[in-house]
Amino acid sequence: THDIKIVRFDDDLEATGAFDEWAPEKYHEARAISLRRVAGLLETSSASIIIADDNNHLRSMRHALFRLARDNGWAYATIRLDCSQEVAEARNATRSGREKVPAETITQMARDLEPPDPLRMGWERFAVTVSSDQIQEVLNAADRARQAGPPILPEDLEVLQERAREARERTLASKKHALDLALRACVGEVASACAEKLAKRDRATLG
């Protein structure tokens, strides 16, 4: 069995009034609230699966969720429910009132959709595409991700390598600075010795 918690992003869209009157600031406010709710569950919940229920049609949206999961020690999997634009439009035609989505919104989302690309995006390597009646496939994908645990991915290695490079540069800069000070001290001592020698020679000449 699985203890599942679900964060429905639409709940926060409704609570902020974004469904009643569309405005970018309301949408961003609602999404920020939803992400905080996800983060709260990741930090405190004993659930085995936490589902962030939203379209998340852009890769950047999913990556934000991946980072939340990774930073809190959770595994991450992307579950894509396959639905053609034609099927979406047919389902939408049966809705009414607030539940009905403007036709142009469906068209725009279909055009902007960035499907999971597990071959190129290592953080989505547990992505699975299923139809709405394949819930067992969803649970299986979650199990595979959980068993693998939070990964160190190429992008994380790049960050670590960049930090190491910066540390080496700081160390090198520190050594250069120390060497510069030492050379300056040596030059100063040599200059002083030369000046003193010249002064003695001048005094001897005058004497």
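The values are calculated or read from the model by the stated rules, or taken from the named source; none is laboratory data. The structure displayed is predicted, hence computed values, not measured ones. Positions of Cβ are backbone-derived with ideal geometry, glycine not excepted, and every protein chain shown enters the neighbour counts. All accessible areas refer to the heavy atoms of the entire protein, side chains included, with ligands and DNA or RNA removed. Shrake-Rupley method; radii C 1.70, N 1.55, O 1.52, S 1.80 Å.
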| field | Inter-label distance for Ala103 and Tyr27, nm, one decimal - labels placed 7 Å from Cα along Cα-to-Cβ | value | 2.0
| message | Quick check: Cα centre of the stretch 62-118 to Cα centre of the stretch 27-55, how many Å? | response | 16
| field | Where the stretch 32-115 is the region considered: accessible area per residue in Å², 1.4 Å probe | value | 60
| message | Could you give the length gained by full extension between Asn72 and Asp11, i.e. 0.36 nm per residue of separation minus their alpha carbon distance, to one decimal place? | response | 19.6 nm
| request: Kindly state, to the nearest 0.05, the FRET efficiency for Glu137 paired with Arg111, given R0 = 22 Å and r defined as their beta-carbon distance. | output: 0.25
| In nanometres, what is the gap between the two model label sites at Leu81 and Thr94, each 7 Å from Cα along Cα-to-Cβ? | 1.3
| message | Just to check, using Stokes-Einstein with a Kirkwood Rh over alpha carbon pairs, what's the diffusion coefficient of the stretch 1-67 at 37 °C and 0.692 mPa s in µm²/s? | response | 260
